[in-house]
Amino acid sequence: MKKRILIGAMMCWMALNAQAQYQYDRALPMSTVDLYDTGVMNMYLSALAQTHARRQQQYEELTDQAIEAFNKGRWNYTISYVNQALRTGFYCGTLYYIRGFAYESLGDFKSAKKDYKTGKKYDSVEAAQALEQLNVKMKQRRK
């Protein structure tokens, strides 16, 4: 009789432990909104937007400086400003055209051709025309 009571008690104890373990093993229902309520996601998005705005402003300033140097015929400054502007992550076919023209003016036809091709890829009409003219010029030089 004592054995049966002891066995019964052990069975109840094991069943309760198994049920308790099952409670911790299954996923608790949690709202997705609760995960983002802490504001961390909003802080991240705000910082990302501020960084983007700062880089865009820097890009615009450097582009203006590159165009100013280009208009003055200061080719090395033009190349430097365009390089800095492109490092911000924003791209424009006109910048590649400007840098290509500066390279061409300095006699670096290989770099000019590369920039004209890239500018053409970014839909710069000026770069496409300059590439055609440079190809003609290079063919004439070979003769």
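Of the residues THR78, THR63, ranked by 1.4 Å probe accessible area with the largest first, the sequence reads THR63, THR78. Other residues with beta-carbon under 11 Å from the beta-carbon of ALA85 carry, at +1 per Lys or Arg and -1 per Asp or Glu, a net charge of 0. Using the Karplus relation 6.51 cos²θ - 1.76 cosθ + 1.60 with θ = phi - 60°, the per-residue 3J(HN,Hα) values for segment 61-72 come to 5, 5, 5, 4, 5, 5, 5, 5, 5, 4, 5, 8 Hz, with x marking Gly and Pro. TYR44 exposes around 130 Å² of accessible area when a 1.4 Å probe is run over every protein chain in place.
The values are calculated or read from the model by the stated rules, or taken from the named source; none is laboratory data. As the structure is a computational prediction, the values presented were derived from the model and not from experiment. Counting neighbours? That spans all protein chains shown, and the Cβs are built from the backbone with ideal geometry, glycine included. The protein model used for the area step is the full one, side chains on, heavy atoms only, and it has no ligands, DNA or RNA in it. Shrake-Rupley method; radii C 1.70, N 1.55, O 1.52, S 1.80 Å.
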